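Notes follow the structure.
Values in this text are rule-based calculations from the coordinates and carry no lab data. This structure is a prediction, so every number in the text was calculated from the model and none was measured. Cβ sites come from the backbone with ideal geometry, for glycine too, and all protein chains shown count toward neighbours.
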Amino acid sequence: MNNTVAPTQPMPFYQVGGTLPVGGPYVERPADSELLRLVLEGIFCYVLTPRQTGKSSLMVRTARRLAQQGVRTAIIDLTSIGTGAVGQWYLGLLTRMSNGLQFSVDMETWWQERDALSSVQRFTDFMREVVLDRITGQVVIFLDEIDSTLKLDFRDDFFAAIRSIYNARADVPAFKRLTFVLLGVAAPNDLISDPQRTPFNIGKAIDLKDFTLQNSQTLRGGLDSVYPDKSGVVFDRIFYWTDGHPYLTQMLCASMLDIPPEWWNADGVDDHVYKHLISGAPHSDINLQTVQDSTIKSSQRGKLLSLYKEVYRGRRVPEDERSSEQNYLKLFGLVRAEGGGLQVRNEIYRRVFDDNWIKKNTPVGRMRRILVALAAFVLVLTIVTLYSVYARPDLAAGFQAQVITFGFNTANRADVRLGKLAELFGLTGQADAARKLFYSLNQSDKLALFNDSASQASGSQLITVITGVYAQVPNDSEGNELLRAMDTALSKLDDPAARLLHNEIQFWVNGRASYNGGNYAQAVEAYTSAIRSLNSRSPGIYLDRAQANARQNQIGLALDDLQTILTLNPPPSWKDRVTQVLQADQALVEAVRSQRDKYPALTALVP
């Protein structure tokens, strides 16, 4: 017989969601020491925060530390009790409590012997006559997922019973040894309506803040174990996106372990975040989906989105703990309090839950805006049609462009805007106007054209707009984010032209990542592949390849690319961009001066 024991699989370093196991990379926050101290002092505490912020891990760790000091604890997940009749619910609660505190009692018999008493009375009697009688030291009861009590019509009595135990400490000294910690995703006002009966105005709220860059360094351990020389840059960039959100930080760290080493840089992290979170948001991740569902399914959706719009647009919104709208936004995770004011929780949320998302989900006034815009559009269209037919047919295209521009500016939906841009590109002589209209948008609205409208707009519209604007996209974080959005939208189309354009942009994005990472030879190779993929006439790719060649001192090749740009008959602005690149490198300038006959178009740009 073979008695060989199979090797145990190593425990993953990162825990994405759920309670952190013993020995995992726990990030200690001020809430850890505060909760432990207050519970030891006998203070009732509650932790009401958004999901996936580490409540359960905080609870389990605190219970473990209390046990080390001789405190008996029980952790009860209220969702496991269900929503049955009041007597069954309390019986289930007390059964789980006795199991957690590890003493034996015939609960069925004990409960039936007090059949004449109310369930609340039997609950308080059990705490005094059984729990505190059998345990002589301090007892702490953790009640997790208390938001599940929102479905109970007797929840007010339950929370009032907890308060009554606290109030009875003066008459029943044993109750001083009993402390409750309530945890969940709910606002205190939702859990109990009567302020005279709630335990939330006698207890202490524990503020479970997100990680800081300093206290979260322990999470670098998993990255250090793979590429220690790159882990610092990668972790710092992850933190830029998550701003210490516990779930998102762990999730991105874990997912980076599967990324090739050449992408372990700031651009690689940006690309990863964009492709796996932002481009498919909010359905791409359970956390983003939860935040959206909580907000748009709220009965106060209009008020919440109106308040969030103020915060999103950078207006000063002082924190007001009495405001139910503010409390819900914080509870759902969209915003956090910082320096006495509210701000968007992190950069990922800012990109996902942007202006376009706000407009799309705001119910108030939507139909009225649509009707007003439609009426105005019909009026203008009528005037233009009459003028074009009877007055100046040669000016019809210009007026048509104005009508399209008006429709673009009054549209609330990204797919409508995309269609208007495609129409404008289709008019003779209006390509520059269409590009100007596109680049007048803010970053979130530009991204929405490719993220939100891709599933609704026709493939031909996407191809037309991307073909018209992609060459001008600069090599910076926002520009590359746009290219990735275009690339993702094109990859979803079953169209030969879309596939070719997708390949070109994908090579281009890869080339920029290599260039920004200092690998200029690899960048040139990717740029060349982009040019060959569609026999590209994009001046943007030639400009990028010229810069990469110049960085390798391939002066002749760089000048060839710059000269090619000017022969492509690009918009006038490209002459300025070529001039800027040319005059920024003295070696290029000297080479043009010495070879004037070979580079006549560039010679005119050299002073």
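If you plug each phi of segment 55-70 into the Karplus form 6.51 cos²θ - 1.76 cosθ + 1.60 with θ = phi - 60°, what whole-Hz ³J(HN,Hα) values come out, in order, with x for Gly and Pro?
Values per residue, Gly and Pro as x: 4, 5, 5, 4, 4, 5, 5, 5, 4, 5, 5, 5, 4, 5, 9, x Hz.
Roughly how many debye, to the nearest 20, is the charge dipole of segment 30-205 about its Cα centre, given +1 on each Lys and Arg Cβ, -1 on each Asp and Glu Cβ, and no other charges? Please list the in-between numbers first.
Values: 20 positive and 20 negative charges, 134 e Å.
For this selection, approximately 640 debye.
Taking amide H positions as placed 1.01 Å from N in the peptide plane, with prolines and chain starts having none, which residues 5 or more places from PHE180, or on another chain, fall under 5 Å of its amide H?
Placed amide hydrogens put CYS45, ILE141 under 5 Å from PHE180.
Looking at segment 1-110, which chymotrypsin sites (Phe, Trp or Tyr not before Pro) are in a loop (DSSP not H, G, I, E or B) and have at most 15 other Cβ atoms within 10 Å? Intermediate results must be reported in sequence, preceding the final value.
Numbers: sites: PHE13, TYR14, TYR26, PHE44, TYR46, TRP89, TYR90, PHE103, TRP110; in loops: PHE13, TYR14, TYR26, PHE44, PHE103.
Sparse-neighbourhood loop chymotrypsin sites (Phe, Trp or Tyr not before Pro): PHE103.
Under a plain spin-label model, where a point goes 7 Å from the Cα along Cα-to-Cβ, how far apart in nm are ASP224 and LYS209?
Placing both labels 7 Å along Cα→Cβ, they lie 2.4 nm apart.
Using unit Cβ charges (K, R positive; D, E negative) and no other charged atoms, how large, in debye to the nearest 20, is the dipole of segment 286-361 about its Cα centre? Before the final figure, lay out the partial values.
Numbers: 15 positive and 10 negative charges, 49 e Å.
In total the dipole reaches around 240 debye.
Treating the chain as a set of equal point scatterers at the Cα positions, no solvent, please give the Debye-formula log₁₀ I(q)/I(0) at q = 0.06, 0.11, 0.12 Å⁻¹.
Log10 of I(q)/I(0), two decimals: -0.47, -1.11, -1.23.
So what are the ³J(HN,Hα) numbers for segment 520-526, from phi and the Karplus equation (6.51, -1.76, 1.60; θ = phi - 60°), rounded to whole Hz, Gly and Pro as x?
With coefficients 6.51, -1.76 and 1.60, one gets 6, 5, 5, 5, 4, 4, 5 Hz.
Could you sort out which of LYS303/LYS420; LYS360/LYS575; LYS55/LYS151; LYS275/LYS309; LYS330/LYS359 sit more than 28 Å apart by Cα distance in this structure? Show your work: numbers first, answer last.
On the way: LYS303/LYS420 31 Å; LYS360/LYS575 40 Å; LYS55/LYS151 21 Å; LYS275/LYS309 25 Å; LYS330/LYS359 20 Å.
Flagged as over cut-off: LYS303/LYS420; LYS360/LYS575.
Mind checking the dipole of the chain: about its Cα centre, +1 per Lys or Arg Cβ, -1 per Asp or Glu Cβ, Debye to the nearest 20? Walk me through the numbers on the way to the answer.
Numbers: 64 positive and 64 negative charges, 199 e Å.
Its charge dipole is roughly 960 debye.
Long-range amide H contacts for LEU342: which residues qualify at under 5 Å (H placed 1.01 Å from N, peptide plane, sequence gap of 5 or more or a different chain)?
The list, which skips near neighbours in sequence, is VAL317, GLU319.
Hey, fewest Cβ within 10 Å first, where do HIS272, HIS283 land in order? Please list the in-between numbers first.
Working: HIS272 21, HIS283 9.
Lowest to highest Cβ neighbour count: HIS283, HIS272.
Can you list residues from other chains, or at least 5 along the same chain, whose modelled amide H is less than 5 Å from the amide H of LEU20?
Here the answer is SER57, since their amide H atoms fall under 5 Å of that of LEU20.
What distance in nm lies between label points placed 7 Å from Cα along the C-beta direction at PHE103 and ARG499?
Taking the two extended label points, one gets 7.3 nm.
Pop a pseudo-label 7 angstrom from the Cα along the beta-carbon direction at both THR603 and HIS283 and give the gap in nm to one decimal.
If labels sit at THR603 and HIS283, their model points lie 5.9 nm apart.
Please work out the ratio of the alpha-carbon Rg of segment 154-308 to 2.2 N^0.38 Å and round it to two decimals. It would help to have the intermediate numbers written out before the result.
Details: Rg = 22.0 Å, N = 155, 2.2 N^0.38 = 15.0 Å.
For segment 154-308, the normalised Cα radius of gyration comes out at 1.47.
Within 10 Å of each candidate Cβ there may be at most 15 other Cβ atoms; applying that plus a DSSP loop requirement, which trypsin sites (Lys or Arg not before Pro) in segment 418-523 survive?
Working: sites: LYS420, ARG435, LYS436, LYS446, ARG484, LYS492, ARG499, ARG512; in loops: LYS492.
Sites meeting the loop and neighbour criteria: LYS492.
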